Structures are given as structure tokens and as C-alpha cells.
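Scroll down for the structure; my scribbles are underneath it.
The values are calculated or read from the model by the stated rules, or taken from the named source; none is laboratory data. What you see is a predicted model, and the numbers here were worked out from it, not measured in a lab. When we count neighbours, we look across all protein chains shown, and the Cβ atoms used for this are built from the backbone with ideal geometry, even at glycine. Accessible surface areas use protein heavy atoms only, side chains included; no ligands, DNA or RNA. Shrake-Rupley method; radii C 1.70, N 1.55, O 1.52, S 1.80 Å.
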Amino acid sequence: MSTERHIERNKKMAPAQSTIKSLHVAVIGAGAAGLVAARELRRENHSVVVFERDSKVGGLWVYTPESEVDPLSLDPNRTIVHSSVYDSLRTNLPRECMGYRDFPFVSRPEHDGDSRDSRRYPSHREVLAYLEDFAREFKLVEMVRFNTEVTLVEADGLKWRVQSKNSDGIFGDEIFDAVVVCNGHYTEPRVAHVPGIDSWPGKQIHSHNYRVPDQFKDQVVVVIGNFASGADISRDIKEVAKEVHIASRSNPSQTYKLLPGSENLWLHPMIKNANEDGSIVFENGKVVQADTIVHCTGYKYYFPFLNTNGYITVEDNCVGPLYKHVFPPALSPGLSFIGLPWMTLLFPMFELQSKWVAAVLSGRIKLPSEEKMMEDVTADYAIRDTHGFPKRYTHRLGAGNVQYLNWIAEQVGAPPGEQWRFQELDGGYVRLATQPETFRDKWDDDHLIVEAYEDFLRQKLIKSLPSELLESGK
């Protein structure tokens with residue numbers, strides 16, 4: 001059935017939606033979003049199948065030393081490596097505020113002999129171990145079909161067709177009442193536009209394919225982007241490279257300075273152009289002969305399996321139309337998205353969005369009419385445009401983070417977000433911006449750590465306060 005007919009029939013059945021109690025639901029992805037979505041859906045008595053293309057849970061947090069043959073990941077026919085995690089990666093936020101609200105991300109005992117990382121800003125391996133703990137605690141693995149990639153999602157009458165293929169080459173073609181998309185957005189890279197780059201003779205790589213710095217030994221490297229991965233990777237590379245030059249739009253146009261405490265890491269504004277003689281010219285007029293450009297420029301939202309006959313589009317990383325970043329008005333509640341917003345508390349957001357989707361599907365919570373949802377979407381776009389934000393900032397919560405999460409919490413009858421959690425988020429981003437070299441090991445908010453653990457203890461989520469609570473946490 002066409003998407004248009006699906007939309008019309010959805011309108012006709014809307015009043016009866018509240019009578020639906022238990023649905024057969026497909027979840028795409030078994031990362032941090034997909035795992036909590038599966039848990040919340042099952043809590044609402046839905047039957048759940050989770051499709052996961054990897055061999056284990058964890059999604060983004062599953063590290064592999066392998067990278068793609070195409071270092072910029074532009075070839076549409078390339079073999080895709082789904083992980084973007086580099087070996088030295090540590091979290092950008094304190095662990096207390098990162099975890100699901102009813103399963104705190106605290107230091108846990110070793111499992112099966114695996115060593116654990118108790119630091120406040122732990123490595124990616126500790127985050128993966130936490131997600132494995134979560135899956136084990138709530139018996140989620142039994143719902144997951146591993147090594148199975150979804151190849152098509154499309155409307156089929158009032159239901160949804162999901163086609164898949166597993167690693168043995170076996171194809172699946174199934175019908176579900178609803179589909180929840182949790183496939184993440186750190187696989188399809190965005191590459192910066194650099195005038196003259198086509199004739200520039202050097203090498204280029206996107207951070208998606210960066211793992212360790214060895215390949216940059218004795219090179220002059222230009223890193224585009226200075227947030228999160230850009231800051232981390234430039235500091236990784238400077239240990240082996242001859243020079244590292246960071247180009248960032250956040251730097252004023254005349255910026256040219258050596259990073260304090262470094263002998264070979266320079267800050268610049270954006271690149272003006274690249275030349276066929278190997279030179280890179282920055283907007284500040286400085287010129288360097290560079291060997292490699294590393295694009296730390298983010299990722300695209302990408303849903304190659306999704307066929308809505310053009311109803312859902314992705315334009316400059318704006319996925320729409322979506323009510324509250326989750327429900328496409330004309331296709332809801334049968335299709336939903338978990339995890340699109342950024343600059344927020346991701347795992348708690350996944351949890352709240354999942355509770356909302358699960359309750360809407362069971363009929364406990366009713367969505368506004370399609371028209372009202374579209375009015376809300378249009379109003380959000382107008383606010384974005386009034387502030388002069390580009391489309392790619394549509395899903396950036398930032399200052400609207402508290403309002404958004406508390407709105408969803410209210411919908412599902414959950415308590416509002418903890419103030420200590422929001423304060424840790426805000427303070428964490430400030431330290432990331434102002435002390436990128438040391439923010440993971442030096443902080444001034446021990447009182448928030450105490451408040452967080454006392455909160456966990458009060459809710460009986462932990463048995464006791466850790467003895468080292470008031471120490472440095474290193």
C-alpha cells in the first residue's frame with residue numbers, strides 16, 4: 001500500500017487507537033537507544049524484536065580496530081564499518097549524569113574477569129560494559145536478532161513491512177504493528193567543503209575512520225573541527241606528528257596561536273582554500289604545507305532502509321517532519337524515532353522517549369491530531385529560523401534541553417529531571433570548552449557527585465555510598 005493510503009487509513013482509525021493494548025514492534029538497533037526502547041516496550045506488554053547488524057549489543061560503543069577502505073567514507077558501494085570509536089576515547093560527560101535514570105552508571109564489580117574503569121570520565125570500554133550490564137540485568141538479549149541488518153521499512157496497510165538480511169545470507173520479510181528506529185547517527189560522515197580540495201595532493205580522512213595516531217608520525221596535519229572528537233584527536237595526533245593545525249569556525253577570523261602547554265598544536269579559523277602545491281591557506285592568512293587533513297566534522301542522519309514515499313526527508317541534517325523529534329505526524333504512532341536530539345543527556349533522553357513511544361503504542365497516552373502535531377513542528381521550525389540557526393541545528397537541544405526532557409517526563413508520568421544531573425551537564429560542557437586538556441581529570445563539582453550518589457541511595461538504586469566518593473575520582 002502507498003504511504004498516501006496509509007496516511008488516510010491512519011486518520012480513520014485514530015479514535016480507536018486507545019483500545020490497542022499490545023502490539024508486535026520492531027526495534028532497529030541494539031545500542032543505547034534500542035536497548036532501553038526494547039525494555040520500555042516490553043514493560044508495556046508489547047512483543048519486541050530488535051534487529052542488530054553487529055554480533056553484540058552496544059551500537060556506537062562497540063570498538064573495532066578496523067576502519068573503512070575509503071578514508072572519507074564517500075563511496076556509496078564501500079563496505080561500511082559501523083563503529084566510529086577511537087582507541088583513546090573517554091566520555092565527554094561525568095558518568096553519574098550519563099546513565100539511565102533507574103540504572104545508574106556507577107562503578108560496578110567485574111563480570112567474567114573483565115577489568116572495569118572506575119574513573120568519572122571512563123573509556124568507551126566501560127560504557128560498553130555498562131550497556132552489557134543493562135542488557136543482562138533486564139534480560140534484553142533474548143529479544144535481539146544479531147548479525148541481522150534491516151534493508152527495508154515501509155507501510156503495509158495499517159502495519160509495517162520489515163525486510164532484513166542476516167550474515168548467513170538469509171532474508172526476512174515480516175509484518176509488524178509498529179517500528180521504532182534506533183539506528184544511531186554516527187556512521188555516515190559529513191565532510192567539510194574546502195575550496196580547491198580536488199586538486200590538493202595530500203591525504204584526507206574522516207574521524208569515523210580514525211583509531212590510533214600512528215599513521216601521522218612526523219606529518220603536518222590539519223584537523224577540521226575542535227569540538228569533542230576534534231579536540232581529542234588533535235591532541236592524540238600531536239604526540240606523534242610534526243605539527244597539528246586546528247581549523248575551527250568557532251575561532252575568530254584572525255586567530256593564530258599555539259595551544260598553551262603545547263609545542264606543535266596551533267589554532268586557526270577555518271580553511272580559506274587548498275592548493276595543488278600541497279599548501280593549505282587559512283582565513284587568518286597563514287599558510288602551511290600539509291600532509292593530511294582530518295575531518296572531525298560530524299555525521300549525517302541516515303536511514304537507507306526507510307521508504308515513506310518522500311514523506312520523511314533529511315535536509316541538511318533536519319529529519320522531518322517529526323513531532324517532538326520522535327513521531328512523524330502522518331505516520332504515527334506506527335513509526336517513531338528514538339535518539340535524534342543532541343546536546344542533551346542522551347541516555348536519560350532515550351529512556352524518556354522510549355517510555356513515551358511505548359505508552360502511546362499501548363494506548364495509555366494519546367497523541368494530538370496530525371494537524372496539531374504539524375502545527376507544533378512548523379512552530380519549532382519558525383523559532384529555529386527566527387534565531388538564525390541553520391537546519392542542521394534542528395535537533396540540537398542545548399538551552400532547550402531541560403524543557404524538552406521535562407515535557408516528555410510529564411507526558412509519561414515520570415518525575416522531572418534531577419537538578420544535579422542538569423547541573424553536571426552544563427558544567428561538563430563548560431569545562432569541555434574551557435579546559436579541553438584537563439576536564440576529564442580535574443573538576444570543581446564534587447558536591448554534585450555527592451548529591452547524585454545520595455539520590456541513587458535514596459531510590460535504592462545502589463546499596464551504599466562508595467568510600468572514595470569525596471576523593472579526586474581519578
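Within the full protein context, the accessible area of Asp214 is estimated at about 110 Å² for a probe radius of 1.4 Å.
Apply the a/c threshold of 1.5 to the C-alpha gyration tensor of the range 217-297 and tell me whether it is rounded, prolate or oblate. Before the final figure, lay out each step's value.
Values: a/c = 1.42, a/b = 1.12, b/c = 1.27.
Here the range 217-297 falls in the rounded category.
So what's Rg/Rh here for the range 330-419, counting alpha carbon atoms and using the Kirkwood radius for Rh?
Details: Rg = 13.6 Å, Rh = 14.1 Å.
A ratio of 0.96.
Spatial offset of the range 292-360 relative to the range 373-387 amounts to 16 Å, using the alpha carbon center of each. A probe of 1.4 angstrom, applied to the heavy atoms of all protein chains, finds Arg431 with accessible area near 20 square angstrom.
Could you give the semi-axes, largest first, of the ellipsoid that matches the range 78-159, computed as the square roots of 5 times the alpha carbon gyration tensor eigenvalues and rounded to whole Å?
On the way: eigenvalues 172, 64, 40 Å².
Its equivalent ellipsoid spans semi-axes of 29, 18, 14 Å.
Rounded to the nearest Hz, the phi-derived 3J(HN,Hα) couplings of the range 370-376 under the Karplus curve 6.51 cos²θ - 1.76 cosθ + 1.60 (θ = phi - 60°) are 4, 5, 5, 5, 5, 4, 5, where x marks glycine and proline. Contact order for the range 184-257, expressed relative to its length and based on alpha carbon pairs under 8 Å spaced 6+ residues apart, stands at 28 percent. For the residues Glu126, Glu239, Glu263, Glu370, a 1.4 Å probe over the protein chains yields an accessible-area ranking, largest first, of Glu263, Glu239, Glu370, Glu126. Given their separation in residues at 0.36 nm each and the Cα-Cα distance between them, Ala433 and Phe171 gain 89.6 nm when the chain is fully extended. One Cα centroid belongs to the range 166-212, the other to the range 267-283; the line between them spans 27 Å. Using the Karplus relation 6.51 cos²θ - 1.76 cosθ + 1.60 with θ = phi - 60°, the per-residue 3J(HN,Hα) values for the range 349-358 come to 5, 3, 5, 5, 4, 5, 4, 5, 4, 4 Hz, with x marking Gly and Pro. Using the Cβ-Cβ distance between Thr79 and Phe389 with R0 set to 51 Å, the FRET efficiency works out to roughly 0.90. Near Val223, the amide H atoms lying under 5 Å from its own belong to His245, Ile246, Ala247, Val294; only residues 5 or more places off or on other chains count, and H is placed 1.01 Å from N.
Legend: P(r) of the range 206-351 from all alpha carbon pair distances, 10 Å bins from 0, whole percents, reading 10, 32, 24, 19, 13, 2. Modelled label positions at Gln215 and Lys139, each set 7 Å beyond Cα in the direction of Cβ, lie 4.5 nm from each other. Taking θ as phi - 60° and the Karplus parameters 6.51, -1.76 and 1.60, the scalar couplings of the range 90-97 work out to 10, 4, 8, 10, x, 5, 4, 8 Hz in sequence order, x denoting glycine and proline. Adding -39500 (n - 2.57) for every DSSP H run of four residues or longer, then dividing by how many residues the chain holds, sets the calculated 222 nm ellipticity at -8500 deg cm²/dmol. With the simple spin-label model, which puts each label point 7 Å out from Cα in the Cβ direction, the Glu66 to Ser253 separation comes to 4.7 nm. In plain terms, if you count all Cα to Cα distances in the range 296-358 and split them into 5 Å steps from zero, the share in each step is 4, 16, 27, 25, 18, 9, 2, 0 percent.
Would you kindly work out the equivalent ellipsoid of the range 91-223 from its C-alpha gyration tensor and give its semi-axes, the square roots of five times the eigenvalues, largest first in whole Å? Mind showing how you got there, number by number?
Numbers: eigenvalues 226, 169, 44 Å².
Values for the range 91-223, descending: 34, 29, 15 Å.
What order do Tyr210, Tyr393, Tyr429 take when sorted by accessible area (1.4 Å probe), most exposed first? Before the final figure, lay out the partial values.
Numbers: Tyr210 0, Tyr393 80, Tyr429 55 Å².
In descending accessible area the options line up as Tyr393, Tyr429, Tyr210.
If I take R0 = 22 Å and measure r between the Cβ atoms of Gln289 and Ser88 in this structure, what FRET efficiency does the formula 1/(1 + (r/R0)^6) give, to the nearest 0.05? Intermediate values should be presented prior to the final figure.
Details: r = 27 Å, r/R0 = 1.24.
The pair Gln289/Ser88 has a calculated efficiency of 0.20.
Across the range 298-453, the convex hull enclosing all Cα atoms gives 140 Å³ per residue. Here the simple spin-label model places points 7 Å from the Cα toward Cβ, and for Tyr381 and Asp156 these points are separated by 3.2 nm. Take the convex hull of the alpha carbons in the range 400-445; its mean projected area over all directions comes to 3.6 nm².
Taking amide H atoms as placed 1.01 Å from N in the peptide plane, the amide H of Thr151 lies under 5 Å from those of Gln163, Ser164, Lys165, each 5 or more residues away in sequence or on another chain.
Taking all protein chains together and a probe of 1.4 Å, list Asp177, Asp198 from the most accessible to the least accessible.
Details: Asp177 40, Asp198 155 Å².
Largest to smallest exposure gives the sequence Asp198, Asp177.
For the chain, the share of accessible area belonging to carbon and sulfur comes to 50 percent (1.4 Å probe, ligands and nucleic acids excluded). Using only Cα coordinates, the Kirkwood hydrodynamic radius of the range 125-165 works out to 12.6 Å.
When only C-alpha pairs under 8 Å and at least 6 residues apart count, what is the relative contact order of the range 358-464, in percent?
On the way: 37 pairs, mean separation 15.7, N = 107.
Relative contact order for the range 358-464 comes out at 15 percent.
Remark: the chain carries 45 Å² of accessible area per residue (probe radius 1.4 Å; ligands, DNA and RNA excluded). For the chain, averaging the sequence separation of C-alpha pairs within contact (under 8 Å, six or more residues apart) and dividing by the residue count gives a relative contact order of 18 percent.
Viscosity 1.002 mPa s, temperature 20 °C: give me the Stokes-Einstein translational D for the chain in µm²/s, with Rh taken as the Kirkwood radius over C-alpha pairs. Rounded to a whole number, D works out at 90 µm²/s.
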